[in-house]
Amino acid sequence: MIADVYIELKEGVTDPEGEATKKALKLLGFNNVKSVSTRKVFRIEIDENDKEKAEEEIRQMCEKLLANPVIQKYRINWIS
């Protein structure tokens with residue numbers, strides 16, 4: 001099974017990289033840019049046939065390593 005795991009900042013958490021990118025885009029003349037936010041995507045292939053077990057294992061990965069639960073949230077999108 002393959003899943004894409006999207007990690008992003010929670011609402012209200014400052015995104016300095018996104019803000020710097022927005023500023024740079026505006027300096028390059030892209031004045032219609034309203035906002036820029038950053039995300040990470042991990043593609044994880046897991047050797048498990050039971051989707052519920054696989055999802056639980058990926059949730060544990062997120063909570064233990066991939067995401068900082070204080071400032072980040074995650075979403076799992078199954079590819080296959």
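General observations
- Legend: P(r) of the chain from all alpha carbon pair distances, 10 Å bins from 0, whole percents, reading 18, 37, 25, 16, 4.
- The slack in the chain from Lys23 to Ser80, taken as 0.36 nm per residue of separation less the alpha-carbon distance, amounts to 16.7 nm.
- C-alpha long axis of helix 16-27 to longest principal axis of the chain, angle in °: 40 degrees
- The GNM of the chain, with springs linking C-alpha atoms under 10 angstrom apart, assigns the highest mean-square fluctuation among Ala67, Ala54, Ala20 to Ala20.
- Estimated [θ] at 222 nm from DSSP helical runs (n ≥ 4, -39500 (n - 2.57)) normalised by residues in the chain, nearest 500: -9000 deg cm²/dmol
Values in this text are rule-based calculations from the coordinates and carry no lab data. Worth saying up front: this structure is predicted, and the values here are computed from it rather than measured.
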